[in-house]
Structures are given as C-alpha cells and as structure tokens.
C-alpha cells in the first residue's frame with residue numbers, strides 16, 4: 001500500500017535587499033542558487049516539490065528551467081515569511097501527509113537529510129520533526145498535516161517558534177554531524193565564506209578522486225586535436241598516462257578513419273599508440289553487427305571508406321543494391337541518390353543502424369555537419385529512428401572498458417561534447433572530464449543540464465592538475 005506523500009515547500013519569496021540583486025540567482029558553483037536548492041530537494045523522496053516565489057518571481061522561475069517543480073507566487077511576500085508558508089500550504093492537495101519547509105538560501109542541506117526527516121515522520125507520526133546539532137535546532141523542519149491549520153494562522157516572521165515550543169513534548173529531533181548544514185546566506189560575507197568553504201572541500205574531494213583513476217576513455221576530435229591541429233600539451237598528456245600506467249582507449253564517434261589511420265595521425269603529432277588502444281565508431285558498428293546478424297548479411301553503407309572496410313572485415317557483404325541492414329554515418333560525399341536508396345531500404349524493412357548522433361563535427365575552420373545530420377535526414381524520410389551504437393549509448397563504453405579490462409568506477413571519460421561524451425560516460429558509470437577545447441561550452445552545462453565531474457580548459461590543463469595530485 002502506498003504511503004501518503006510528504007511535500008517539500010521551498011520558501012524563496014524575499015527581496016534580498018542586502019544583496020541589491022535576487023539572492024536566488026546567485027551563482028552556486030555553476031548554477032543559480034535556487035536551481036541548486038531545487039535539485040537537492042528533487043533528489044529526495046519529497047513530492048510534490050513546491051517553490052513559493054514573490055519578489056523577482058519571473059526571473060527566478062526562468063532560472064529553474066524545466067525542473068519538475070510547482071511554482072506558487074505569493075503576492076503578499078512583503079508581509080513576511082508566514083505569508084509564504086500559508087501560500088504553500090493552501091496549494092497542497094488533501095492527500096499530503098506532511099510538509100517539509102526548506103529555506104531557499106540554505107545551500108548545504110542534502111537529500112539524505114530530507115530523506116531522514118521523512119523517514120522519522122513515517123516511523124513516529126510526530127507533529128514536528130526538526131534537525132539539531134547538539135542543542136542547536138535548525139532548518140528544514142517537517143510539519144504533519146495536523147499542524148497545517150495552526151501554521152496558517154501565524155503572522156510575520158517569528159510566530160513559528162511559538163508553535164514549535166507549544167509542541168515541544170511531541171517534537172522529534174534528529175541529530176546531524178555538521179552545523180554547517182544549517183547555515184544560510186543573509187549577507188554577501190556569508191555568500192563569499194560559504195563559496196570558499198565548498199570550493200576547498202570540492203578541490204580536496206576532486207583531487208582524491210582524480211588520483212584514483214586507473215583507466216581513461218577519451219574522445220579525439222576536439223580533445224586531442226581540432227581538424228589537423230594538435231592540442232597544446234598532447235605529447236605530455238600521453239607521456240603522463242604511460243608513466244603512471246593509466247590504461248586508455250581513444251574512443252571516437254567519428255567513423256571516417258580506421259584505427260590504423262588514427263594511429264598514423266597520432267604519429268604525425270609525435271605520439272605512438274597501438275591500434276588496440278583506438279576505438280573508432282566504424283569498429284563499434286561492425287562489432288555490433290556481429291551480434292545481430294550472421295556473416296554474409298548484406299549491408300548498405302552511407303559513410304566513408306573506413307566504415308565499409310570495418311564492416312567487410314567482419315565478413316559482411318557491403319551491397320550497393322538490396323540489403324537487410326542500412327548503416328549510416330558521416331559521409332562528406334553523400335548524394336541525394338544514395339540517401340534516397342537508403343530511405344527505400346529502411347522503409348522496406350531493413351534494420352537502420354547509426355554510427356553516432358553528433359550533429360556537427362569540429363574542424364580547424366569551425367563546426368561542420370556531422371553524422372547526426374545524415375541520420376536526421378534519413379529518419380525524417382523513413383519515419384524510422386536509427387539504433388545508435390556510439391556515444392552516448394552504452395555499446396561503445398562497454399567495448400572500451402572490455403578492451404582495458406577495467407571497471408566503470410576506476411575509469412573516466414574525457415570529452416568535449418556534453419550530450420554524447422559526458423552524458424554517455426555518466427550513463428555508463430564513469431567519472432567525466434569535460435574539456436572546453438571542442439564543441440560544447442561552459443554555458444551549455446546549465447543550459448543542457450549535464451554536469452561533468454571536472455571541467456578543464458584543455459588536456460594541457462588537465463595534465464597539469466592531474467600531475468599535481470599524484471606526483
């Protein structure tokens with residue numbers, strides 16, 4: 001039997017007069033403070049998640065993006081926080097058993113704390129649950145439905161304490177280990193202090209995690225080079241990996257070159273890498289085909305010679321006529337006639353496999369159309385979605401880890417595309433390192449909602465930082 005829900009009401013209606021700008025929009029490590037608070041609450045069992053806004057409501061609403069939260073605008077916010085409490089309670093449905101009140105300027109709370117408050121309420125049915133550090137009470141607090149009527153009668157900003165004192169004999173407290181969890185941001189000095197502490201903690205944590213990495217899956221285009229221009233620090237990066245016996249596979253969504261051709265390109269840049277350490281998507285596709293079709297199956301290829309060579313090497317027949325499978329990737333010589341033939345085959349039942357979804361490809365002169373553009377054409381014409389084997393899908397990561405004999409938890413993905421490299425690495429359970437030398441930008445992190453574990457300017461900066469934590 002499902003238990004009645006416990007809602008979360010985030011109080012964020014104040015005017016932030018001491019800041020001269022909306023406190024909710026302060027940058028909190030790459031995202032607006034209110035978005036950080038919303039993400040913490042959404043990671044807890046509390047549902048629904050409601051945000052009560054007042055001053056600058058529209059700006060704050062936009063900062064929340066598409067997060068699945070319910071917005072309540074309190075027109076009486078100038079009369080004190082009690083009006084926001086009342087507005088939040090009045091918007092709740094009748095099936096809600098209790099409400100967690102979360103302050104919109106308390107950035108150190110955790111999903112685990114919220115979950116503990118909810119669990120203790122379900123275990124005790126107490127009217128009020130509050131966290132404490134020793135004898136010091138703090139927020140967020142949970143109030144059972146039986147308290148809602150009295151909560152709506154509170155006025156101003158101080159009446160809540162009288163109600164809590166009244167229920168002291170029935171109140172249940174839980175102890176927390178860190179008093180910093182209760183800290184809120186009232187002044188610019190508070191903000192600077194908390195940002196500094198979190199930055200220090202994160203640097204220590206990130207350094208420890210980076211020092212434990214024993215395997216790397218790395219993209220190539222936009223990470224190791226751009227077009228025919230090597231990235232600064234390329235040779236030092238590989239020398240560092242070799243010196244510390246960190247295994248690697250260079251896994252690229254680009255299917256226009258074979259592993260041997262990529263190895264030759266790296267030699268031109270002063271780096272020697274074996275073909276077994278290179279995994280282009282043409283090989284990923286060819287290996288995948290062996291799991292779904294027998295040798296001799298006919299395959300129509302929209303792609304460049306490397307893709308057809310890899311497929312033929314697995315004893316498939318690359319056909320220019322009828323085919324049971326259509327494989328499509330980047331093809332800079334694609335003609336309308338070939339795309340039309342591929343469309344006809346797919347519409348007649350051929351399996352549609354795509355190398356990768358990258359809509360663009362980073363050249364030395366800028367972004368140009370990628371394999372994803374070809375796939376979009378064929379999908380629109382055939383009304384069939386392709387099965388993608390390269391990043392961000394699992395097949396490429398599974399093959400890369402198998403080659404290294406590595407586990408996801410000891411590996412990282414290095415990439416320049418959030419929606420393929422970083423998202424794929426996260427889905428596969430790898431740590432993620434985002435470099436700003438390719439396609440995606442720092443601003444894209446919040447826009448796309450894909451947050452890497454580390455961000456560096458390029459592999460040169462990555463190598464310098466990595467060396468500092470293990471040498």
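The values are calculated or read from the model by the stated rules, or taken from the named source; none is laboratory data. Because the structure is predicted, anything quoted here is derived from the model rather than measured. Quick reminder, even Gly has a Cβ in these numbers, built from the backbone with ideal geometry, and neighbours come from all protein chains shown.
Some observations on this one:
Each row is one residue, and each column tells you yes or no for (1) out of contact with any helix residue (DSSP H, G or I) (no Cβ under 6 Å at 6 or more places or on another chain); (2) within 28 Å of residue 375 (Cβ to Cβ).
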site: 227; (1), (2): yes, yes
site: 231; (1), (2): no, yes
site: 271; (1), (2): no, no
site: 275; (1), (2): no, yes
site: 279; (1), (2): no, yes
site: 283; (1), (2): no, yes
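- Whichever residue in region 67-80 is touching a helix residue (DSSP H, G or I) at 6+ places or on another chain (Cβ under 8 Å) and within 29 Å of residue 194 (Cα to Cα) and, among such residues, is surrounded by the most Cβ atoms within 10 Å (Cβ to Cβ): 74
- Filter pass, residue 293 being part of a helix (DSSP H, G or I) and surrounded by fewer than 23 Cβ atoms within 10 Å (Cβ to Cβ): no
- Applying the set (1) surrounded by fewer than 15 Cβ atoms within 10 Å (Cβ to Cβ); (2) in a helix (DSSP H, G or I) to residue 445 leaves exactly one unmet item: (1).
- The residues of region 408-426 that are out of contact with any strand residue (DSSP E or B) (no Cβ under 8 Å at 6 or more places or on another chain) and farther than 17 Å from residue 459 by Cβ, listed by number, are 408, 409, 419, 420, 423.
- Hey, residue 372 assigned by TED's automatic domain parsing to the domain that holds residue 293, out of contact with any helix residue (DSSP H, G or I) (no Cβ under 8 Å at 6 or more places or on another chain), at positive phi and modelled with pLDDT under 95 or not: no
- Hits in region 455-471 (condition: within 17 Å of residue 425 (Cα to Cα) and buried (at least 18 other Cβ atoms within 10 Å of the Cβ)): 456
- Filter pass, residue 432 being assigned by TED's automatic domain parsing to the domain that holds residue 302, without any contact (Cβ under 8 Å) to a residue 12 or more places away in the chain and not in a helix (DSSP H, G or I): no
- Filter result (in contact (Cβ under 8 Å) with a residue 12 or more places away in the chain, assigned to a helix (DSSP H, G or I) and within 11 Å of residue 249 (Cβ to Cβ)) within region 390-406: 396, 397, 399, 400, 401, 403, 404
- Any chance residue 381 is in contact (Cβ under 8 Å) with a residue 12 or more places away in the chain, touching a helix residue (DSSP H, G or I) at 6+ places or on another chain (Cβ under 6 Å) and in a helix (DSSP H, G or I): yes
- Residue check for residue 351: surrounded by fewer than 22 Cβ atoms within 10 Å (Cβ to Cβ) and either closer than 28 Å to residue 226 by Cβ or under 26 Å from the mean Cα position of the chain (by Cα) (or both): no
- Filtered residue count, region 321-368, keeping only those that are in a strand (DSSP E or B) and out of contact with any strand residue (DSSP E or B) (no Cβ under 6 Å at 6 or more places or on another chain): 2
- Taken as a whole, the condition of being part of a loop (DSSP other than H, G, I, E, B), in contact (Cβ under 8 Å) with a residue 12 or more places away in the chain and within 16 Å of residue 281 (Cβ to Cβ) does not apply to residue 251.
- Filter result (assigned to a helix (DSSP H, G or I) and buried (at least 19 other Cβ atoms within 10 Å of the Cβ)) within region 407-418: 418
- Candidates in region 221-232 are the residues that are in contact with a strand residue (DSSP E or B) (Cβ under 7 Å, 6 or more places away or on another chain) and in a strand (DSSP E or B); of these, the one that is surrounded by the most Cβ atoms within 10 Å (Cβ to Cβ) is 221.
For every residue, the table says whether it meets (1) part of a loop (DSSP other than H, G, I, E, B); (2) closer than 17 Å to residue 80 by Cβ; (3) modelled with pLDDT of 95 or more; (4) within 33 Å of the chain's Cα centre (by Cα).
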{"site": "116", "(1), (2), (3), (4)": "no, no, yes, yes"}
{"site": "129", "(1), (2), (3), (4)": "no, no, yes, yes"}
{"site": "139", "(1), (2), (3), (4)": "yes, yes, no, yes"}
{"site": "142", "(1), (2), (3), (4)": "no, no, yes, yes"}
{"site": "154", "(1), (2), (3), (4)": "yes, yes, no, no"}
{"site": "162", "(1), (2), (3), (4)": "no, yes, no, no"}
{"site": "165", "(1), (2), (3), (4)": "no, no, no, no"}
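Rundown of residues vs (1) in a helix (DSSP H, G or I); (2) surrounded by fewer than 16 Cβ atoms within 10 Å (Cβ to Cβ), yes/no style:
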| position | (1), (2) |
| --- | --- |
| 9 | no, no |
| 14 | no, no |
| 41 | yes, no |
| 53 | no, no |
| 65 | no, yes |
| 82 | yes, no |
| 88 | yes, no |
| 94 | no, yes |
| 113 | yes, no |
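- Check on residue 235, closer than 27 Å to residue 285 by Cα and either in the same structural domain as residue 404 (by TED's automatic domain parsing) or under 21 Å from the mean Cα position of the chain (by Cα) (or both): no
- Filter result for residue 218 (under 27 Å from the mean Cα position of the chain (by Cα) and crowded, with 19+ Cβ neighbours inside 10 Å): yes
- Residue within region 175-190 that is modelled with pLDDT of 70 or more, under 18 Å from residue 143 (Cα atoms) and surrounded by fewer than 14 Cβ atoms within 10 Å (Cβ to Cβ) present: yes
- Pairs meeting the criteria (first residue in region 268-279 and at pLDDT 95 or above, second residue surrounded by fewer than 18 Cβ atoms within 10 Å (Cβ to Cβ) and part of a loop (DSSP other than H, G, I, E, B), beta carbons under 8 Å, at least 6 apart or on different chains) are lacking.
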